[in-house]
Amino acid sequence: MTAAVELMGITKRFGDVVAVDAIDLAIEDGEFFAMLGPSGCGKTTTLRMIAGLDFPTEGSLKIFGDEVGTLPPNKRPVNTVFQSYALFPHMNVLDNVAFGLRMQGLSKSAARASSVEAIELVQLAGMEARMPSQMSGGQQQRVALARALVNKPKVLLLDEPLGALDLKLRQEMQGELKRLQQELGVSFVFVTHDQEEALTMSDRIAVMNQGELLQVGTPEDIYEHPANRFVADFIGQTNLLEGTVEDSSTVCLANGARVQARSDKAVGTSVAVSLRPERAHIAAQGSVDERPAVDGVVDHMTYLGNARVYRVRLDWMEVEVREENRPGAELHEPGTPVSVWWDPGAVWVVGDE
Amino acid sequence: MTDSVRTQTSQRVLGLHAVFVYVFFYAPILILVVFSFSGDRLVGRWGGFTFDWYGEFLDNEQLTAFHDGAIWTSLKVAAVSTVIAVVLGTLAALSLERFRFRGQRVFDALLYLPIIIPDVTMGIMMLIFFSEAITFADTYLGFEFAKGLKTVVISHIAFNISFVSVVVRARLAGMDSRLEEAAMDLYATRWQTFAHVTFPQILPGVLGGALLALTLSLDDVVVTQFAAGPGATTLPVFVFSLIRRGVTPMINAVSVVMLVASLLLIALMLLADGLRSVADKSS
């Protein structure tokens, strides 16, 4: 099966700055694909190259097997939902949505019929005559979606589409986007800096940083088995316990303690043991037997309602431990000496690369 | 207590200041209008109410004759130079805002020169340029042309391009360039993008630039005097020459007519703008 979008050695330079550095990536047909990374990581530039708004400096870019590297945006079977929506302020909703069809040469009445349908699809029926300035951010967002989807793109590109919405609306739109994607069955390529959004919505995620593609995988893959230190730290929260590999199942931590942790890194490599706060536990010192543990002192505790987050000071760093708020959960006052322990399978070893 | 006294005092001072400003602005206009109805031959001495000066103005062949009267000359020059300057100025603004090309910064700097150069300098430049051009055309290209209406129009286009492009550029800079990207993403060609998205967005700037160009062209005395040949006397140049022959309240009458014409133009603009926003809301 041909990939919906295929990038091979795609590089983009702006003068001396390398925005995207030799990326290889294949996005399957019908997939909800997220590109995730901090701002300036090259994810938006990558999306713009797929859209044709920027051209790659090097490499090959194919959409359903056709090379499109330097084709202008109007010659590509993709459509974009822009970050700021970019609705045409001098046109009403209907004209905005019908724009793409009219430009493709459809008659006014045919374009109108399809547009009304698309407006219904995004649940804005009856608002055809409104101007964009008379609509809320969420409604504008839906218009932008309808305007792109009405053209039946083979791939829909979304550039931080939910960034400008407030939390509640954002969650609502997340569900809505997912529903639309499943209903239409086309690939959505979604750019975001919000890891939670990427995790909840996507079939697969590509994590980028400084122009490089660090890891591509399912949300579970990326959370459970991050490829390196950056991914482990960027996706969710984690404690990175520094150390060196001693053998394939032991890491020697910075304080000299040996803990059980599997890795395929060479002996002597400096690595970090990634310990997620919700997988660490806290207990009175001395009460932990067989399991891997480190000793420290409770620095402070934050009450979250459904959980308590303890910051525990070790000799050489601080770690966070999240204890679910279950009845009978033991309380540890600041200043108490405690042990932070975990199950041997709960940690994951990450290197720099 | 002292605070409220202080606010009161400062408000009074500010109010007085405003009154002064308005007097300074509008008293001369008021005086002009009042004395255009004065029966005395001397400007500034009230001689009873009369419409005589307006009559004399209408009867003045040099002013009102169809085709070659000063008023018609002015209108023709203003209309032609505005249309051409708006097209060229808008294109210049687009090229500077939306494209990158070799020599762009030089072009950018040179484009604003006519705004900075004093009118007199510009006028003398035009004078020398046209006399050289006439000689050149005569000796090398083998066709003759003389200074006249055409040279006035050309000189007005020359300074109006700068003003139009400044106004249009400001509007372009304020426009979200993503709108153009969105249009191209939605299958519009470059030309369709300009026609359906860019142009409607910069239209207020283009109209503003056109109004400015029209006003500047109707106003100009200095450059026109240097560039004009026989048979190309515009209204301001004619008024100026009247003053040399001794001022009569007819000049007041002419000025009042010009004033009313500009006010009408502005009122029309506002009305069109108001109608458009009403249409926007109701549609």
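Ordering B:VAL106, B:VAL164 by accessible surface, largest first, gives B:VAL106, B:VAL164; the 1.4 Å probe counts only protein heavy atoms, with every chain in place.
Here the 3J(HN,Hα) profile of the range A:61-77, calculated from phi with Karplus coefficients 6.51, -1.76 and 1.60 at θ = phi - 60°, is 10, 10, 10, 6, x, 9, 5, 10, x, 10, 6, x, x, 6, 10, 10, x Hz, Gly and Pro shown as x.
Averaged over the residues of peptide A:75-88, the number of Cβ atoms from other protein chains lying within 10 Å of each residue's Cβ is 4.
Seen from A:VAL271, the other residues with C-beta closer than 15 Å to its C-beta sum to a net charge of -3, counting Lys and Arg as +1 and Asp and Glu as -1.
Send over the semi-axes of chain B's equivalent ellipsoid, whole angstrom and largest first, taken as the square roots of 5 times the C-alpha gyration tensor eigenvalues.
Largest first, chain B gives 37, 33, 19 Å.
Under 24 Å from the Cα of A:LYS108, which lysines turn up, not counting those fewer than eight places away in the same chain? The reachable lysines, counting only those whose Cα sits under 24 Å from A:LYS108, are A:LYS75, A:LYS152, A:LYS154, B:LYS281. The spacing between the range A:1-29 and the range A:67-93, judged by their C-alpha centroids, is 19 Å. The distance linking the range A:249-274 with the range B:11-60 is 94 Å (Cα centroid to Cα centroid, whole angstrom). If both residues of a DSSP beta bridge must be in chain A, then about 75% of such bridges are antiparallel.
Note that the range B:131-140 has calculated 3J(HN,Hα) couplings of 5, 5, 5, 5, 4, 4, 4, 5, 7, 9 Hz, one per residue in order, obtained from phi through the Karplus relation 6.51 cos²θ - 1.76 cosθ + 1.60 (θ = phi - 60°); glycine and proline are x.
Partners of A:LYS62 within straight-line reach, counting aspartates and glutamates whose Cα lies under 19 Å from its Cα and excluding those fewer than 8 residues away in the same chain: A:GLU6, A:ASP21, A:ASP24, A:GLU28, A:ASP29, A:GLU31, A:ASP54, B:ASP185. Across chain A, counting alpha-carbon atoms alone, Rg and Dmax equal 24.5, 79 Å. Given in Å, the Rg to one decimal and the Dmax to the nearest whole number for the Cα atoms of the range A:170-243 are 13.7, 48. Taking each DSSP H run with n ≥ 4 as -39500 (n - 2.57) and averaging over every residue of chain A yields -7000 deg cm²/dmol at 222 nm.
Work out the length of the dipole vector of chain B about its Cα centre, built from +1 on the beta-carbon of each Lys and Arg and -1 on the beta-carbon of each Asp and Glu, and round it to the nearest 20 debye. Walk me through the numbers before you get to the answer.
Working: 19 positive and 21 negative charges, 115 e Å.
Here chain B has a charge dipole of around 560 debye.
For the protein assembly as shown, the percent of C-alpha pairs falling in each 20 Å distance bin, counted from 0 to the bin holding the largest distance, reads 14, 30, 27, 19, 8, 2.
The values are calculated or read from the model by the stated rules, or taken from the named source; none is laboratory data. Computed from a prediction, not measured in an experiment: that's the story for all the values here. Neighbour counts are summed over all protein chains in view; Cβ atoms, including those assigned to glycine, are modelled from backbone coordinates with ideal geometry. Heavy atoms of the whole protein, side chains included, go into the accessibility calculation; ligands, DNA and RNA do not. Shrake-Rupley method; radii C 1.70, N 1.55, O 1.52, S 1.80 Å.
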